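The values are calculated or read from the model by the stated rules, or taken from the named source; none is laboratory data. It should be emphasised that the depicted structure is a prediction, and the values quoted were computed from it without experimental measurement. Note: ideal-geometry Cβ built from the backbone for every residue, glycine included; neighbour counts use all protein chains shown. These accessible areas exclude ligands, DNA and RNA; they are computed on the full protein's heavy atoms, side chains included. Shrake-Rupley method; radii C 1.70, N 1.55, O 1.52, S 1.80 Å.
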Amino acid sequence: MRILVTGGAGYIGSHAVKLFGARGHEVWVYDSLVYGHRGAVPADRLVVGDLSDVHRLDQLLVEQRIDAVVHFAAFAAVGESVQQPAKYWQNNFVNTLGLLECVRRHGISRFVFSSTCATFGCPTAMPISEDTPQAPINPYGHTKLAVEWALHDYGQAYGIGYAALRYFNAAGAAADGSIGEDHTPETHLIPLVLFAAMGKRPQIEIFGTDYPTPDGTCIRDYIHVDDLALAHLLALEKLTPGLELHYNLGIGHGYSVREVIRTCEEVTGKMVPVKEGPRRPGDPPVLIASSEKIQKELGWKPHYVELRGIVETAWQWHASHPKGYR
Ligand code: UFG
């Protein structure tokens with residue numbers, strides 16, 4: 001396939017680009033480099049451009065005779081989305097609709113969309129399956145669910161085949177150490193704990209120790225970024241015109257914040273200084289995925305089934321790239 005990957009220089013996108021290339025697909029990366037990294041993708045495959053530039057996107061789809069679009073480009077900071085909803089609606093929703101219109105104009109019938117567990121909000125029953133009602137509780141989750149609805153309507157009316165993949169907590173780095181996670185600012189737990197282990201930060205603050213969980217801290221389902229990339233590949237290969245796929249992606253097992261810190265200490269062999277702080281607004285106590293549907297329908301299986309293996313790859317990346325891509 002000839003695949004356009006928006007946001008392909010970002011964390012999850014770059015791992016997908018690497019896998020698609022290794023599987024013999026022709027890949028073009030479209031990325032503004034506002035959050036993505038030039039060094040995360042092959043230089044001759046990168047087109048620097050903004051998602052709002054539909055003229056540029058149109059050109060690219062025609063010139064490169066693109067058969068499939070994998071759409072990662074989006075803003076993804078929950079807290080920021082509460083402060084600046086306009087930024088999120090504009091980029092994650094309006095610009096995505098612009099891209100969808102390009103896809104429709106050019107008769108492209110394969111579209112894979114990065115959705116999120118944030119579209120589920122705060123469900124009480126675990127694990128979260130595709131039948132769990134979607135009720136997001138922040139603007140980020142709203143914009144992602146709105147795109148899922150638009151995709152459904154476009155699928156029905158125009159025959160675009162799409163997959164909406166709802167990631168739980170993406171973590172880890174390429175097993176060969178070549179690419180990894182580099183966000184500015186970093187807000188995610190695993191890299192922050194590893195930074196504290198390296199002495200790059202004085203400590204890790206635990207956001208809330210009074211949750212109704214066994215050790216009082218939040219529980220999340222951490223999934224390796226390469227396993228996420230594989231799900232995109234399988235979905236792409238499955239898609240046919242008008243087919244609508246929705247899959248939740250996690251390993252089906254949750255780890256508390258304290259368990260993550262302990263695992264990072266074991267992997268790095270270093271003590272991580274911890275400060276116990278108040279809850280972070282908007283954090284659901286527990287999020288665990290059921291990924292049975294994609295396992296059954298696409299034969300997807302996570303290679304990394306335990307947190308330790310995921311953290312090992314993250315540590316390999318951070319220890320060898322203390323300044324990220326810089
Ligand atoms: N946490 C801390 N201290 C930190 C950072 C995080 O205790 O310094 C805790 C959080 O409170 C949370 C857990 O670690 O309980 C994981 O936090 P992350 O920020 O790493 O990830 P989130 O679960 O908040 O975010 C993920 C995705 C988002 C998605 C969200 C949906 O990264 O894209 O799940 O809830 F929107």
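Taking the mean number of other Cβ atoms within 10 Å as a proxy for protection, how do you rank 218-225, 167-174, 231-238, 44-51 from highest to lowest?
On the way: 218-225: 25.5, 167-174: 24.0, 231-238: 20.8, 44-51: 15.8.
Ranking, from highest mean packing down: 218-225, 167-174, 231-238, 44-51.
Could you estimate the translational diffusion coefficient of segment 111-189 from the Stokes-Einstein equation, with Rh from the Kirkwood formula over C-alpha pairs, at 4 °C and 1.567 mPa s, in whole µm²/s?
The diffusion coefficient I find is 89 µm²/s.
What angle, in degrees between 0 and 90 and rounded to the nearest 10, separates the Cα long axis of helix 139-158 from the longest principal axis of the Cα atoms of the chain?
In the chain, helix 139-158 runs at an angle near 30 degrees to the longest axis.
If you project the alpha carbons of segment 186-326 onto their three principal axes, what span does each projection cover, largest first, in Å?
Computed over the Cα atoms, the extents are 52, 38, 23 Å.
May I have the extent of the alpha carbons of the chain along their three principal axes, as whole Å values ordered from largest to smallest?
Cα spread of the chain along its principal axes, largest to smallest: 54, 41, 39 Å.
For Lys275, give me every one of the aspartates and glutamates with a C-alpha distance below 12 angstrom, ignoring sequence neighbours fewer than eight places off in its own chain.
Glu205
Packing-wise, with mean Cβ within 10 Å as the measure, how do 11-22, 87-98 rank, highest first?
11-22, 87-98
Pairs Lys87/Lys323; Lys87/Lys144; Lys238/Lys301; Lys87/Lys200; Lys238/Lys296: which exceed 21 Å Cα-Cα? Mind dumping the intermediate values first?
Details: Lys87/Lys323 28 Å; Lys87/Lys144 13 Å; Lys238/Lys301 15 Å; Lys87/Lys200 30 Å; Lys238/Lys296 13 Å.
Flagged as over cut-off: Lys87/Lys323; Lys87/Lys200.
Where the accessible area of segment 94-226 is counted over protein heavy atoms with a 1.4 Å probe, how much of it, in %, is carbon and sulfur?
54
What do you get for the angle between helix 11-22 and the principal long axis of the chain? Use alpha-carbon atoms, 0 to 90 degrees, nearest ten.
Value to nearest ten degrees: 60.
To test your reading of the geometry: what angle, between 0 and 90 degrees and rounded to tens, separates the Cα axis of helix 307-320 from the longest principal axis of the chain?
Once rounded, one gets 80 degrees.
So, by mean Cβ neighbours within 10 angstrom, what's the order for 137-143, 267-273 with the highest one leading?
The most tightly packed comes first, giving 137-143, 267-273.
Per residue, how much accessible surface does the chain expose to a 1.4 Å probe? Answer in Å², no decimals.
I get 42 Å² per residue for this part.
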